[in-house]
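Below is one structure, written out as structure tokens; the observations come after it.
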Amino acid sequence: MKRVIIYLLSIVMGLGIIGAGAAVAVYIWASKDLPSITKVDDYRLPLVTTVYDRDGGVIGYFCNEKRFLVNLEDMPKYLPLAFIAMEDKNFMTHDGVDFTAIVRAFYTNLRTGKTTAGASTITQQVVKRLLLSSEKSYERKIKEAILAYRLEKHLGKDQILYIYLNEIYLGNSSYGVEAAARTYFAKHVNELTLAECAVLAGLPQAPSRNNPFTMPEATKRRQEGVLGRMLEDKHITRAEYDEAIAQPLVYKSMPDPTFGLGAWYLEEVRRQLISFFSEENVRRLQLPIDLYGMDAVYDAGLHVYTSMDPFHQRNAEKSLRNGLYDNCKRQGWLGPLENIPPEGYDAFLKKQTFSPESLANAGWAKALVTSVTKQGAEVSLGESYKGFISIGTMGWARTPNPKISPEAAGRMTDAAKILAPGDVVYVSAVGAEGDANPVSLPADPENKKNPVPKYDPEAVAADKAIPVCLEQIPNLQGALASIEVQSGDLVALVGGYQFSPASQFNRATQAKRQPGSSFKPIVYSAALDKGFTAGTVLLDFPFVLMNEGQKPWKPSNFDHKFLGPIVLRTALAKSRNVCTVRVAQQVGMEAIVQRAHDLGIQGDIPAVLSVSLGSYEVTPLGMAEAYSAFANQGVYIKPRIISAVDDCWGHALVTFAPDRREAISPQNAFIMATLLKDVVNAGTATRAKVLGRPTAGKTGTSNDARDAWFIGFSPELITSVYVGYDDNSPIGRMETGGRAALPIFIEYRQVVDQKYEPTDFVKPEGITMASVDPSTGGLAGAGSQGALYLPFITGTEPHSSAGNPLQVKQDDVRSAEDLLKQNY
């Protein structure tokens, strides 16, 4: 207490008030409304929440202040000593207030006539940051001294130093020594050398002025000052000092993966964490945490372990980007980025920092069109390089017309109809090899394919025109979600072509779109429980539904043709709309709606027949979940995105498991998986046979080709792919699920399927296989053509060559013959 009174005496003397009694009076006055020192016990430093993939790699961080807790024993021995030498040389001996430093600062300021020297101890700095405001006044300094003295009595030196080194701001959005070590040296704090510790210790008084990245010379001078004080105070030897002074300082930051690979996944994790840590949920589960919602996510320093597999995620992102790029290019030219007048050419080109190396690995660059002929366009690539876009590489660049297929539109043959002088466009090098990195997109070496011969930038001379290709960033969007069956992990989630922190709409989890024919397996699954079999004969004939008070509805097939009597297996494999509506009518839409709910599709699904053709809107992740029962012997999987959450010290807070429940019988699931394999083997998804392993799935296309889908699965993995425009405009003529979405699925699965041994779907008890005549639905005989080997629930298999086609309700439809005569 004596030291505090002496400190107060120096202050009141500075104010022109004389006497120890005055100092005591000031102490009594200032002590009346001081905050309790025990608040320090409850104070929690805002900490970074770290999110990990399932291999233990970091996906990203959530934080308000970039700070990572680190114990004193995990710091190099030099680090605390460096800060003590620079900030508070008597820290280990004073009681919170350094009287010697006060007197020295007082006389220095008195001599200079202004405040140039300070005397705050490390303890006082902790008090100021944790208990008081940052205003500069004698009143605050008095309170600071009293509280510093009390804090020294309440906590030990190590605890105060621990708080200080973890709390202090060290520039470049780095709070605490661990964050600073990552920011300035790309190291963890325990890896720092003496020379590097001295750099950090020189930052607190002026982090911006001593910024190592922008002011390396000033930083070096400050570092030498720190090392000099450490030597003077005998914290280091002369040899250690000399070695540290001589060590070259290399500044670089540890890469921040946030919103890089897995950006869509990370954003979904963030949304789920905020929801999970609601105050109501935390109290209900009695979790040992007193922060809620966003505060918990951004300040609690959580360790969040997810199900994201980086191998799956990387290839999912690459495949979706490739597919969207190809689809969009197939539709034609979207136009230049901008058009600038001739007087603006020079100013534009001066801003371009082009070199031929920027086109290596299929890189893109901005180019200015300077002249155009029918044969091509000359472009400027910065001030020193020229390029030429030949019409031979622009054949795809037709004017988009969703009513005309690319094949019908033909190739563009006149470059002057595509480009004009002043157009600013993206180009890539003819002959470039690899995956492009468009300059406007986040750094990602795997965002687009361009499989052309190798490009050698060193072979390009500055005085020659570089042959380049016209490029464009897709405006088409899409999504991909992939669930691992055995673990129940959501291993990949992609919500669009390009993630932007300013636009985080995740089409995989938030976009609700019409699934088209990919909804049909839900209809047929319900039908199997109502007496239908894989060999039931359905009538692919036209008919009209006459509902009182409504316009007649004439269901039609995509190809506007009718196949006549066909078995259920063929109706699903060939995606026959008319057959599906007939089945839905006879099964009853109430049963189909219930089956959709059983398979995890949420919402108030209307019990109307159009739903059987996929008019009810769902999310891509929701469709992957719905198919999980077909892949998993009837057990529905609600996949886990987050597997576990630990607190800042690594103590377990909560663990998660995938939600599994029996949705359909194993027999129903096996029959559906077998029928959906036939979609790949002989139906609308035959391209997927290239995978060379048991694969099932279903294409889907909504009205006017506004949405394209493919949901495919094996016993190991379920993958849902969606393609469409955000404004729900048509994708383009003939852009079906099989053309727009299926290639994305194939490219992704060709790579990731290598992680799994090929297996087939397990046939459960209660299944009988039978050879069926596809024209009658009866047992195949000697004269049967194209016999089908189909699964049946035991007891429902055919026992003779006679079929059993379901009868059409004559009171609901007109006769097929009459309709055909009316050019239906």
Cβ-placed point charges (K, R +1; D, E -1), dipole of region 283-353 about Cα centre in debye, nearest 20: 320
Coarse-grained scattering of region 485-589 at q = 0.24 Å⁻¹, given as base-10 log I(q)/I(0) from a Debye sum over alpha-carbon atoms: -1.27
Rounded to the nearest 10 Å², the accessible area of TRP396 at probe 1.4 Å: 40
Stretch gain in nm, segment GLN375-GLN159, where the contour uses 0.36 nm per residue and the Cα spacing is subtracted: 70.2 nm
Rounded to the nearest 10 Å², the accessible area of GLU87 at probe 1.4 Å: 30
Accessible area, probe 1.4 Å, largest first, for residues ARG739, ARG221: ARG221, ARG739
In Å², nearest 10: area of ILE168 left accessible to a 1.4 Å probe: 0
Those trypsin sites (Lys or Arg not before Pro) in region 333-387 that DSSP places in a loop and that have at most 10 other beta carbons within 10 Å: LYS374
Solvent-accessible area per residue, Å², over region 741-789 with all protein chains present [probe radius 1.4 Å]: 51
Spin-label pair ARG284/THR413, simplified geometry with 7 Å Cα→Cβ offset, distance in nm: 6.8
Most to least accessible of VAL430, VAL304 (protein chains only, probe 1.4 Å): VAL430, VAL304
Semi-axis lengths (Å, descending) of the ellipsoid that matches the C-alpha gyration tensor of region 576-690: 32, 19, 13
More than 24 angstrom apart: percent of Cα pairs within region 221-362: 70
Burial order of peptide ranges 490-499, 649-658, 58-67 (average beta-carbon count within 10 Å, highest first): 490-499, 58-67, 649-658
FRET efficiency for PHE348 and LYS464, using Cβ-Cβ distance with R0 set to 30 Å, rounded to 0.05: 0.85
Assigned charges on the beta-carbon of Lys, Arg, Asp, Glu; region 199-299 dipole about Cα centre (debye): 240
Overall Cα dimensions of region 649-761 - principal axes, largest extent first, Å: 55, 36, 30
Efficiency of FRET between VAL608 and VAL690 - r from beta-carbon atoms, R0 51 angstrom, step 0.05: 0.85
Region 538-624 - Rg and Dmax from Cα coordinates, angstrom: 13.7, 37
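The values are calculated or read from the model by the stated rules, or taken from the named source; none is laboratory data. The structure displayed is predicted, hence computed values, not measured ones. Note that each Cβ is placed from the backbone with ideal geometry, even for glycine, and that neighbours are counted across all protein chains shown. To get the accessible areas, we keep the full protein, side chains included, count just its heavy atoms, and leave off ligands, DNA and RNA. Shrake-Rupley method; radii C 1.70, N 1.55, O 1.52, S 1.80 Å.
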